[in-house]
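J.: This structure is in structure tokens; I'll ask about it shortly.
The values are calculated or read from the model by the stated rules, or taken from the named source; none is laboratory data. From a predicted model like this one, the values you see are computed outputs, not experimental measurements. Don't worry about glycine lacking a Cβ; one is built from the backbone with ideal geometry, like all the others, and counts go over all protein chains shown. Note: areas computed on protein heavy atoms with side chains; ligands, DNA, RNA excluded. Shrake-Rupley method; radii C 1.70, N 1.55, O 1.52, S 1.80 Å.
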Amino acid sequence: NSASNGFSFKGIKDYLECYQSGKLTPSQVAKNIIAMLEDCDKSTPPLRAVVQWDREQIMLMAEASTTRYRNKCTLSCLDGIPMCLKEEFKVVPYHHRVGTVYLGTQPETEDATVAKKLREAGAIIIGVSNMHELGTGTTGCNPNRYHKIPRNPYNPNHFTGGSSSGSAAAVAAGLCPVAIGTDGGGSVRIPASFCGVVGLKGTFGRISCHGSLPLSYSTVSVGPICTSVADAAIVYSILAEPDLLYPYGLKQPKATLSDMCAPDLKGLKLGVDWTFFKACDAEVLSACEKAVKHLQSLGASVVEVSLPEMEEARVAHVICILSEMRDFLQPDFNKHFHEMNLETRASLALASQFTALDYIKANRQRTRSMRFLQEIFSTVNCILTPAVPCTAPRIYESDLLTGSSDISFTVRSMRFMQLGNFTGIPGLVVPIGYSIAGLPISLQVMAKWWDEAVLLRVGLKLEQFREQTKKPSIYYDILA
């Protein structure tokens, strides 16, 4: 987004320009970030985006990057770029708590694959970010002592969305231009939407999950949260490849960014199921309909499609994700029940009511839903929906003490997300505007398996629809 419209987020390009021109070094940037992280912890209310960080670690990576820039031997275009990873990933030397008080009692000694790849690319890992306890909700509300409630940079009295809550807050607040999250039911895309930044959920298996807690092995994908679609494409191109330690992605086709920068959208067919699309708040619908018209004006054709059995798919997704989480967390549920947040206990207790028969039927539904999508994608390139049917919800005083459990909100917030998790197709959310109250609104683009390139192509054009980017009320300009 051009600076001529006032505010624009600082992205990878801005950092690289500073480093290459000598205006700033990665070490100077790291010092700024450390000062900002200290400020975040002291502010009222605290931002609680990055929940574990270490000054020494940040400076070590920054100094190594500064030396590489001086010697003109940088490792990649992520060299010196500050990033954080959701606490669901193992990152040396932090505690792998996954939003709990009882996991990760010792510091990690081995990185998750994505952390390792980012280090190899020269990124500065500024710490691990806050998350909803065990990824069990979509608000990001986590009242326990290590985490507390992350605040939405656009309005600190509202939730960030979850479960990759701190990742989205860190990017929107300017602490880093890139953060990594996991998405089993919208956990990258919901917080990215609520915090007004870009979120990409890769195809199931596209980016390695090795070294993240395997909460739900059939629905979770990894993806970046960034300030722009171009940045999401850069991070995706570095992380997307097979990993011998993660069998689900071994047979994937090579990741490409083909036609991503095509001048228009001529020849693309965008599918919309209008009945499904319209089940959202009036403000969200109005912005999303205008964004669809914008894509049409660039040469894309909008094709009416019917997404069959969406209610069945929704229920089946819930059965799959909760059954798998309950199965994996059975020992925790028995041993650490009283250390879990109330909402987590309720979700896992509910999950224990599903039977093996429910799980088998849910997976039969998955096969049906994937077949329907195969047919739809033979006629269109993408499917468009609003990202979330509403804007970020308010935080109440009681949420700070006991957490929040609002099943109807959880169900509603996941409405447009679950299809991607249930069938494994990739999805991208792009901010397109703001509500009257100034909270971000986003549109979602989904494509067939392994076709992230078309999402990024449409996403780049979608970004141009937003007339201006509003500055978040909590924002740190690291490069100032």
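J.: Determine if the stretch 413-420 includes at least one residue that is open to solvent by 20 Å² or more (accessible area, probe 1.4 Å) and on the phi < 0 side of the Ramachandran plot.
T.: Let us first name the residues in the stretch 413-420 that are open to solvent by 20 Å² or more (accessible area, probe 1.4 Å), namely 414-415.
Then drop every residue that is not on the phi < 0 side of the Ramachandran plot, which leaves 414-415.
Within the stretch 413-420, one or more residues are open to solvent by 20 Å² or more (accessible area, probe 1.4 Å) and on the phi < 0 side of the Ramachandran plot.
J.: Output the residues belonging to the stretch 195-214 that are open to solvent by less than 20 Å² (accessible area, probe 1.4 Å) and either modelled with pLDDT under 95 or charged (D, E, K, R) (or both). Give the steps one after another, and end with the answer.
T.: First, the residues of the stretch 195-214 that are open to solvent by less than 20 Å² (accessible area, probe 1.4 Å): 195-203, 205-209, 211-212.
Within the stretch 195-214, Lys201, Arg206 qualify.
Conditions (1) surrounded by fewer than 22 Cβ atoms within 10 Å (Cβ to Cβ); (2) within 18 Å of the chain's Cα centre (by Cα), marked per residue:
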{"position": "Tyr434", "(1), (2)": "yes, no"}
{"position": "Gly438", "(1), (2)": "yes, no"}
{"position": "Leu443", "(1), (2)": "no, yes"}
{"position": "Arg457", "(1), (2)": "no, no"}
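J.: Continuing with this model, one more query. Count, please, the residues in the stretch 252-263 that happen to be touching a residue at least 40 places away in the same chain (Cβ under 8 Å) and either loosely packed, with under 13 Cβ neighbours inside 10 Å or out of contact with any Ser or Thr (no Cβ under 9 Å at 6 or more places or on another chain) (or both). Break it down stepwise before answering.
T.: At the first step, the residues of the stretch 252-263 found to be touching a residue at least 40 places away in the same chain (Cβ under 8 Å) are 252-253, 255-262.
Restricting the remaining residues to those that are either loosely packed, with under 13 Cβ neighbours inside 10 Å or out of contact with any Ser or Thr (no Cβ under 9 Å at 6 or more places or on another chain) (or both) gives 253, 258-262.
The qualifying residues number 6.
J.: Still on this model: Which one of Thr44, Thr66, Thr100, Thr139 is farther than 21 Å from Leu342 by Cβ, modelled with pLDDT of 95 or more and of a type outside the set (D, E, K, R)?
T.: Just a single option satisfies the conditions, and that option is Thr66.
J.: Here are Tyr246, Tyr217: which of them is modelled with pLDDT under 95 and out of contact with any Gly (no Cβ under 7 Å at 6 or more places or on another chain)?
T.: Matching residue, one of Tyr246, Tyr217: Tyr217.
J.: Now for a different question. With respect to Asp477, determine if the residue is touching a residue at least 40 places away in the same chain (Cβ under 8 Å), surrounded by fewer than 22 Cβ atoms within 10 Å (Cβ to Cβ), in a loop (DSSP other than H, G, I, E, B) and of a type in the set (Asp, Glu).
T.: Details: touching a residue at least 40 places away in the same chain (Cβ under 8 Å): yes; surrounded by fewer than 22 Cβ atoms within 10 Å (Cβ to Cβ): yes; in a loop (DSSP other than H, G, I, E, B): yes; of a type in the set (Asp, Glu): yes.
Considered against the rule, which asks whether it is touching a residue at least 40 places away in the same chain (Cβ under 8 Å), surrounded by fewer than 22 Cβ atoms within 10 Å (Cβ to Cβ), in a loop (DSSP other than H, G, I, E, B) and of a type in the set (Asp, Glu), Asp477 comes out as yes.
J.: Any idea which residue in the stretch 408-430 is farthest from Lys470 (Cα to Cα), counting only those that are in a helix (DSSP H, G or I) and of a type in the set (A, V, I, L, M)? Full working, then the answer.
T.: First, the residues of the stretch 408-430 that are in a helix (DSSP H, G or I): 408-413, 418-423.
With the extra rule that they be of a type in the set (A, V, I, L, M), the set shrinks to 411, 419.
Working: Val411: 29, Leu419: 30 Å.
Ranking the candidates gives Leu419 first.
J.: Could you grab the pairs with beta carbons closer than 6 Å, sequence gap of 6+ or different chains, first residue in the stretch 296-317 and touching a residue at least 12 places away in the same chain (Cβ under 8 Å) and farther than 30 Å from Ser216 by Cα, second one assigned to a loop (DSSP other than H, G, I, E, B) and open to solvent by 50 Å² or more (accessible area, probe 1.4 Å)?
T.: Gly299/Lys266
J.: Turning to a different aspect of this structure: From the list Val101, Val91, exactly one residue is more than 22 Å from Ser237 (Cα to Cα) and either in a loop (DSSP other than H, G, I, E, B) or open to solvent by 10 Å² or more (accessible area, probe 1.4 Å) (or both). Which is it?
T.: Numbers: Val91 fails: more than 22 Å from Ser237 (Cα to Cα).
Being more than 22 Å from Ser237 (Cα to Cα) and either in a loop (DSSP other than H, G, I, E, B) or open to solvent by 10 Å² or more (accessible area, probe 1.4 Å) (or both) holds for just one of Val101, Val91, which is Val101.
J.: A further question on this structure: Given the residues Leu85, Leu78, which is the only one that is out of contact with any Ser or Thr (no Cβ under 8 Å at 6 or more places or on another chain) and outside any helix (DSSP H, G or I)? Write out each step before concluding.
T.: Values: Leu85 fails: out of contact with any Ser or Thr (no Cβ under 8 Å at 6 or more places or on another chain).
Answer to the selection: Leu78.
J.: Answer yes if at least one residue in the stretch 368-384 is on the phi > 0 side of the Ramachandran plot and under 23 Å from the mean Cα position of the chain (by Cα), and no otherwise. Before you say what the answer is, go through the steps one by one.
T.: Quick first cut of the stretch 368-384, residues on the phi > 0 side of the Ramachandran plot only: none.
Scanning the stretch 368-384 turns up no residue that is on the phi > 0 side of the Ramachandran plot and under 23 Å from the mean Cα position of the chain (by Cα).
J.: Among the residues of the stretch 1-59, count how many are in a helix (DSSP H, G or I), in contact (Cβ under 8 Å) with a residue 60 or more places away in the chain and either over 23 Å from the mean Cα position of the chain (by Cα) or more than 13 Å from Gly174 (Cα to Cα) (or both).
T.: Going residue by residue through the stretch 1-59, those that are in a helix (DSSP H, G or I) are 3-5, 12-21, 26-42, 55-59.
From what is left, the residues that are in contact (Cβ under 8 Å) with a residue 60 or more places away in the chain are 5, 12-16, 18-19, 26, 29-30, 32-33, 36-37, 39-40, 57-58.
Remaining after also requiring either over 23 Å from the mean Cα position of the chain (by Cα) or more than 13 Å from Gly174 (Cα to Cα) (or both): 5, 13, 16, 18-19, 26, 29-30, 32, 39, 57-58.
Total satisfying the criteria: 12.
J.: Arg394 - would you say it is of a type in the set (Lys, Arg), within 30 Å of Glu467 (Cβ to Cβ), surrounded by 19 or more Cβ atoms within 10 Å (Cβ to Cβ) and touching a residue at least 60 places away in the same chain (Cβ under 8 Å)?
T.: Working: of a type in the set (Lys, Arg): yes; within 30 Å of Glu467 (Cβ to Cβ): yes; surrounded by 19 or more Cβ atoms within 10 Å (Cβ to Cβ): no; touching a residue at least 60 places away in the same chain (Cβ under 8 Å): yes.
No; evaluated as a whole, the condition is false for this residue.
J.: Quick one: what pairs do we get from the stretch 335-349, first residue without any contact (Cβ under 8 Å) to a residue 60 or more places away in the chain and charged (D, E, K, R), second assigned to a helix (DSSP H, G or I) and open to solvent by 50 Å² or more (accessible area, probe 1.4 Å), C-beta under 8 Å, 6+ apart or different chains?
T.: Arg345/Phe337
J.: Related question: Would you mind stating whether Gly433 is part of a loop (DSSP other than H, G, I, E, B) and more than 30 Å from Glu312 (Cβ to Cβ)?
T.: Working: part of a loop (DSSP other than H, G, I, E, B): no; more than 30 Å from Glu312 (Cβ to Cβ): yes.
So Gly433 fails the test.
J.: Now for a different question. Given the structure, is Ser76 open to solvent by less than 10 Å² (accessible area, probe 1.4 Å), out of contact with any His (no Cβ under 9 Å at 6 or more places or on another chain) and within 24 Å of Leu479 (Cα to Cα)?
T.: On the way: open to solvent by less than 10 Å² (accessible area, probe 1.4 Å): no; out of contact with any His (no Cβ under 9 Å at 6 or more places or on another chain): yes; within 24 Å of Leu479 (Cα to Cα): yes.
So Ser76 does not fit the description; no.
J.: Report yes if some residue within the stretch 145-158 is out of contact with any helix residue (DSSP H, G or I) (no Cβ under 7 Å at 6 or more places or on another chain), open to solvent by less than 10 Å² (accessible area, probe 1.4 Å), at pLDDT 95 or above and part of a loop (DSSP other than H, G, I, E, B); otherwise report no.
T.: Looking for residues that are out of contact with any helix residue (DSSP H, G or I) (no Cβ under 7 Å at 6 or more places or on another chain), open to solvent by less than 10 Å² (accessible area, probe 1.4 Å), at pLDDT 95 or above and part of a loop (DSSP other than H, G, I, E, B), one finds at least one in the stretch 145-158, hence yes.
J.: When Arg68 is evaluated against the numbered criteria (1) over 28 Å from Thr182 (Cβ atoms); (2) touching a helix residue (DSSP H, G or I) at 6+ places or on another chain (Cβ under 6 Å); (3) open to solvent by 20 Å² or more (accessible area, probe 1.4 Å), which criterion, by number, is the only one it fails?
T.: (2)
J.: Got a number for residues in the stretch 192-219 being under 19 Å from Leu456 (Cα atoms) and not in a loop (DSSP other than H, G, I, E, B)?
T.: So in the stretch 192-219, the residues under 19 Å from Leu456 (Cα atoms) come out as 192-193, 196-207.
Those left that are additionally not in a loop (DSSP other than H, G, I, E, B): 192-193, 198-201, 207.
Final tally of qualifying residues: 7.
J.: May I pose another question? If I ask for residues that are in contact with a helix residue (DSSP H, G or I) (Cβ under 7 Å, 6 or more places away or on another chain) and either surrounded by fewer than 21 Cβ atoms within 10 Å (Cβ to Cβ) or touching a residue at least 60 places away in the same chain (Cβ under 8 Å) (or both), which ones from the stretch 123-138 would you list? Walk me through how you get there before you give the answer.
T.: Initial filter on the stretch 123-138 (in contact with a helix residue (DSSP H, G or I) (Cβ under 7 Å, 6 or more places away or on another chain)): 124-126, 129-134, 136-138.
Within the stretch 123-138, Ile124, Ile125, Ile126, Ser129, Asn130, Glu133, Leu134, Thr136, Gly137, Thr138 qualify.
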